[in-house]
1. Please give the number of the condition Trp85 fails out of (1) within 22 Å of Thr14 (Cα to Cα); (2) crowded, with 16+ Cβ neighbours inside 10 Å.
2. Determine if the range 73-87 includes at least one residue that is touching a residue at least 40 places away in the same chain (Cβ under 8 Å), touching a strand residue (DSSP E or B) at 6+ places or on another chain (Cβ under 7 Å) and not β-branched (Val, Ile, Thr).
3. Could you say which residue among Ile57, Ile102 is in contact with a Lys or Arg (Cβ under 6 Å, 6 or more places away or on another chain), assigned to a strand (DSSP E or B), exposed (fewer than 15 other Cβ atoms within 10 Å of the Cβ) and at pLDDT 95 or above?
4. Checking the condition touching a Lys or Arg at 6+ places or on another chain (Cβ under 8 Å), under 22 Å from Ile40 (Cα atoms) and buried (at least 16 other Cβ atoms within 10 Å of the Cβ), which residue from Leu77, Leu110 passes?
5. Considering only the range 60-85, state which residues are assigned to a loop (DSSP other than H, G, I, E, B) and in contact with a Gly (Cβ under 8 Å, 6 or more places away or on another chain).
6. Which of the residues belonging to the range 113-142 are assigned to a strand (DSSP E or B) and either buried (at least 18 other Cβ atoms within 10 Å of the Cβ) or modelled with pLDDT under 95 (or both)?
7. Listed residues Ser86, Ser71, Ser62; which is of a type in the set (Gly, Ala, Ser), modelled with pLDDT under 95 and over 22 Å from Arg7 (Cα atoms)?
Amino acid sequence: MPDAVWRALDGCETVLHAGDFDSWETYCEFKKRFPVFGVIGNRDSFGVSEEVPERRIVELGSFRIGMTHGSGPRAGLPGRVRAAWSGAADLVIFGHSHEVGIHDINGLRLLNPGSATDVCTADRQTLAYLDLEDTIRITIHEMTL
C-alpha cells in the first residue's frame, strides 16, 4: 500500500472498504491500523468470510451504512446496486468499477469512493471521507500517488 494512502487516512476513526483489497495481507494491514469493515471484491484473492462478507450493514453513530462490491459492466452499475439492495440504509457504499460517484436513486443515496490505488482501470485515484454528525457529509479526496 503506498504511503500516500496511509497519510490520506491519518486521523480517520474507521475504514469502510468496498472490496478489492487484492490480498488477505492487505486487509490485515488495514486492520492493524484501523477498525475496518469490508466486503469481498472480485479482485480479492481470498474467499468470502464472516469477517469479509459479500454485503453488510454497519451501524456508525445513528447511521446505517450498507456495503456491497457490485458486479457486471461499468455501465448502469449504480442502478444495479440500487435494484439489488433491500433493507434500510442511510447510505450504500459500493465499488467494482472504481469510478467515483455519489448517486441518489429511488430514495437511496449511494457512494462509490473510487479507488485510491488503481491506475489501470480508474481515470483518477480517489477515496471518500464520511463525516457522520447530524447528516452524512461526503468529501471526495483526490489522491496524489
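The values are calculated or read from the model by the stated rules, or taken from the named source; none is laboratory data. Because the structure is predicted, anything quoted here is derived from the model rather than measured. No Cβ is skipped: glycine too gets one built from the backbone with ideal geometry, and neighbour counts run over all protein chains shown.
1. Every listed condition holds for Trp85 apart from (1).
2. Here is the first cut: in the range 73-87, the residues touching a residue at least 40 places away in the same chain (Cβ under 8 Å) are none.
No, there is no match, as no residue in the range 73-87 is touching a residue at least 40 places away in the same chain (Cβ under 8 Å), touching a strand residue (DSSP E or B) at 6+ places or on another chain (Cβ under 7 Å) and not β-branched (Val, Ile, Thr).
3. Details: Ile102 fails: in contact with a Lys or Arg (Cβ under 6 Å, 6 or more places away or on another chain).
Sole residue among the options that is in contact with a Lys or Arg (Cβ under 6 Å, 6 or more places away or on another chain), assigned to a strand (DSSP E or B), exposed (fewer than 15 other Cβ atoms within 10 Å of the Cβ) and at pLDDT 95 or above: Ile57.
4. Numbers: Leu77 fails: touching a Lys or Arg at 6+ places or on another chain (Cβ under 8 Å).
Of Leu77, Leu110, the one residue that is touching a Lys or Arg at 6+ places or on another chain (Cβ under 8 Å), under 22 Å from Ile40 (Cα atoms) and buried (at least 16 other Cβ atoms within 10 Å of the Cβ) is Leu110.
5. Start the filter on the range 60-85 by keeping residues that are assigned to a loop (DSSP other than H, G, I, E, B), which leaves 61-62, 69-76, 85.
Within the range 60-85, His69, Gly70, Trp85 qualify.
6. Of the residues in the range 113-142, the ones assigned to a strand (DSSP E or B) are 126-132, 136-142.
Scanning the range 113-142 gives Thr126, Leu127, Ala128, Leu130.
7. On the way: Ser71 fails: modelled with pLDDT under 95; Ser62 fails: modelled with pLDDT under 95.
Result: Ser86 is the single residue among Ser86, Ser71, Ser62 that is of a type in the set (Gly, Ala, Ser), modelled with pLDDT under 95 and over 22 Å from Arg7 (Cα atoms).
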